[in-house]
Structures are given as structure tokens and as C-alpha cells.
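Enquirer: What follows is a structure written as C-alpha cells; I'll ask about it next.
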Amino acid sequence: MKFIVSSSYLLKQLQVLGSVINSNNTLHILDNFLFELDQNQLKVSASDLETTMTATLEIESTSEGSIAVPARLLLETLKTFPEQPLTFTVKDNSTIEISSDLGKYVLAYLPGEEFPKAEKLEDPSKAEIGAEILFTAISKTIFAAGNDDLRPVMSGVYFQFAPTGVIFVATDAHKLVKYSRTDVTSSTEANFIMPKKPLNILKNILATAEATVMIEYNDSNAMFSFDNYTLICRLIDGKYPNYEAVIPKENPNKLIISRTQFLSSVRRVAIYANKTTHQIRLKIAGTELNISAEDIDYSNKADERLTCDYKGDDMQIGFNSRFLTEMLTNLQSDEIQLEMSLPNRAGILTPIDGLDEGETVTMLVMPVMLNN
């Protein structure tokens, strides 16, 4: 078994796959990349049992075979090479030799048969979505997903496909983001919950991809295929909470304000907020928005006034500044609208401009009790 490949091309592909591998694996074989050689095609896979990712590389070879190569050792070696062709030769004594312009490097390998096989999806449903749209959907929602092991369904992003459009939802019970597109449709209705880790991996690759992503899924697994990559992951089992029920429908109080101005104000005032509650107070009257925070333990307090466009009754409402900051940072619009009904009901944050046709973003943030 022997093949020739460009050092920088191989490194680029392996760095993407390397993000799948856990730093402390219980199974030693998972610390390896699986190399499957078939003439001029090399399939490289990495797995953590939950997620398996494969890249198909074009190389020079006439042989076939499969071996598992130590991932960290190979990555560290490749990082040090300038661009040049490398020759990989498998020897009889369970070692693989890499020959470069500068010298030879020998690594021990394991038989490819020991590597866990990726799940085969039986009779999957299919949907197609543009890489850019999927990237935006993941970026807009993933920060709102929870980290609670006791509520695993909330630790992922909910995908909902329908003939009318697609919806992506993430929530941790304090904040919720719903991202929907009516310009992407699916022939059948389906929904599933994707874990965070594979979504973060997808997000990093999709940032530069321009292809269409083919999503295939059944009750337990989902597969994403685009360019020369395939990612298969196990879905989160369980029923997603009824998110529509928590989005307040009647919100008579509407505040419109510049996003960057509001964000920098919240950031500044939050420095003076209590370090455990991160509570800031919004006091709205007429066209004036008063943002304040106080940390009674240290006698720190801050107070800022902004002008805004407001329709509704004068009100005071408290929010966790970290949630507000995350949401405002995640939006790209120049102006945002904050809709509210009562100080103990959730506020709804939506962008006013900067959206594509058929695209809507709804962010919901739960208030905190104000102690007057």
C-alpha cells in the first residue's frame, strides 16, 4: 500500500477531521484517523462513536487497503512541512513510512478493521439546503442551546422541515432563538434534534463552503454530505418542548432602537451589575430608555439614557445582561425591535432590517425579577 499526496492539501483536510476526535478517548483506536485507499481515492475518517466524519481526497496511487494512523502524531508532523509531495508507504512490520524532500518518518499503525464502522442510514428522508443558509441557521441558534445534562433535548438545535419552510430552534429555558426560512422547503414533514458538537464542526466548514448540503436522516441518525465531506451523527433522543407556547402573542409595548448603541450601552452598564445575577434594569418612558445596574454589595452603580422610538405604556423590566449581550451580538441589523407585554413576561427581540427575503429571526429572553 503506497500513495503520494500534497502535504498542505492533506493537512487542511485532516485539521477539519481532527475536530471530531476527543482529547481523552476510552477506546485507543479512536485516537487514529482511518485511511481507506482505493486506487486514486483516499477516504480519511475520524470518529468519537457519536459522530463520524469522512473526507475523500484525490491522490496518486495504484494500491488498495485500510489502516488506522495516529492522529496527533500525523497532524503535528504535517504542520511543520512546507508545501511538497509526501510519499506514504505501508511496511510489513505494522509501520507506515512518510518520505519527504527532507527525510523519512516512521509511525506505527493499527489494522483498519479495528476502526468502528460508521452507521448506515436505513431508508432515510432527504432534504437539500444551501451551505450559506445552513451556516447562518446554525450560527444564529447554537449559542442559545443549553448545557444541562439533565435536559438533553435542550442541549441541541431542533430542526423542523416542512413543505412551507424550515425552522431551527434552540433554547436553554432562559433564552430562545427561532430561525425560519420560507425559501427552503422539504417535500415531507420531519423534525429532529442535532447535538452541539457536530453542529460546531459543520459551522466551521460551512463558513467557506459554497455547495448545496444534502441532509439525510432517520429516527436515530443524520448525515450531511457536501463537497468532499460526509458527517454522520447520532441524534438526541426525546421530544422537543413546545416552543410556540412560550412565545407571547400579545405584546403591546414596542421599542425600536439602534442595535450597536443599545449593545454598547448594555455592555458598559453590565460592568456595574451584580456578578451573580448580571441584572440590568430597563426603564422606558416616552422616547427615553433608561438602562441601569447596581451591585449593592460593593456600592457600584451605573445609569445611562438613550433616545428610542417607543409605543406603549411606561414600564420597568429587568434582564440578565449576558443574555441580552449574546443576542444583540448575534444579530447583524442596524436597528432592532424589543416587544414586551408585562415585566414578568418574556421580551421578544427581532431585527428590523438586514434579512433576506423569506428569512425571520425571533429571539426571546426571559426577564429577571426586579427588587425595588
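The values are calculated or read from the model by the stated rules, or taken from the named source; none is laboratory data. Remember, predicted model here, so these are calculated numbers, not experimental data. For neighbour counting, all protein chains shown are included, and Cβ atoms are generated from backbone atoms with ideal geometry for every residue, glycine included. The area values use the complete protein model at the heavy-atom level, side chains included, leaving out ligands, DNA and RNA. Shrake-Rupley method; radii C 1.70, N 1.55, O 1.52, S 1.80 Å.
Enquirer: Given the conditions (1) open to solvent by 20 Å² or more (accessible area, probe 1.4 Å); (2) over 29 Å from L328 (Cα atoms), which single one is not true for R267?
Expert: Going through (1) open to solvent by 20 Å² or more (accessible area, probe 1.4 Å); (2) over 29 Å from L328 (Cα atoms) one by one, R267 breaks only (2).
Enquirer: Also: Which members of the stretch 245-265 meet the condition of being of a type in the set (D, E) and at pLDDT 95 or above?
Expert: Within the stretch 245-265, none qualify.
Enquirer: Filter the stretch 274-313 down to the residues that are open to solvent by 50 Å² or more (accessible area, probe 1.4 Å) and at positive phi and list them by number.
Expert: Answer for the stretch 274-313, where residues must be open to solvent by 50 Å² or more (accessible area, probe 1.4 Å) and at positive phi: just S299.
Enquirer: Where in the stretch 142-233 are there strands (runs of 3 or more DSSP E), lying fully within it, with 3 or more residues that are in contact (Cβ under 8 Å) with a residue 40 or more places away in the chain and more than 15 Å from the chain's Cα centre (by Cα)?
Expert: Output list reads 175-181, 190-195, 212-217, 221-226.
Enquirer: With respect to A245, determine if the residue is of a type in the set (A, V, I, L, M, F, W, C) and open to solvent by less than 60 Å² (accessible area, probe 1.4 Å).
Expert: Here the answer is no, as A245 does not meet what is asked.
Enquirer: Then there is this: On the given criteria, is I336 over 25 Å from the mean Cα position of the chain (by Cα) and either part of a strand (DSSP E or B) or acidic (D, E) (or both)?
Expert: no
Enquirer: Among the residues of the stretch 350-372, which ones are assigned to a strand (DSSP E or B) and touching a residue at least 24 places away in the same chain (Cβ under 8 Å)?
Expert: P351, E359, T360, V361, T362, M363, L364, V365, P367, V368, listed by residue number.
Enquirer: Here is a list: T188, T171, T136, T141. Which entry is in contact with a strand residue (DSSP E or B) (Cβ under 8 Å, 6 or more places away or on another chain) and within 13 Å of P241 (Cβ to Cβ)?
Expert: Step by step, each of T188, T171, T136, T141 is checked, and only T171 is in contact with a strand residue (DSSP E or B) (Cβ under 8 Å, 6 or more places away or on another chain) and within 13 Å of P241 (Cβ to Cβ).
Enquirer: Sticking with this structure for a sec: Among (1) surrounded by fewer than 16 Cβ atoms within 10 Å (Cβ to Cβ); (2) touching an Asp or Glu at 6+ places or on another chain (Cβ under 8 Å); (3) assigned to a loop (DSSP other than H, G, I, E, B), there is one condition N251 misses while meeting the rest; what is its number?
Expert: That leaves (1) as the condition not met.
Enquirer: Is it fair to say A162 is among the hydrophobic types (A, V, I, L, M, F, W, C), touching an Asp or Glu at 6+ places or on another chain (Cβ under 8 Å) and farther than 18 Å from M53 by Cβ?
Expert: Here the answer is yes, as A162 does meet what is asked.
Enquirer: Being modelled with pLDDT of 95 or more, open to solvent by less than 20 Å² (accessible area, probe 1.4 Å) and more than 22 Å from S333 (Cα to Cα) narrows it down to one of L110, L199, so name that one.
Expert: Answer to the selection: L199.
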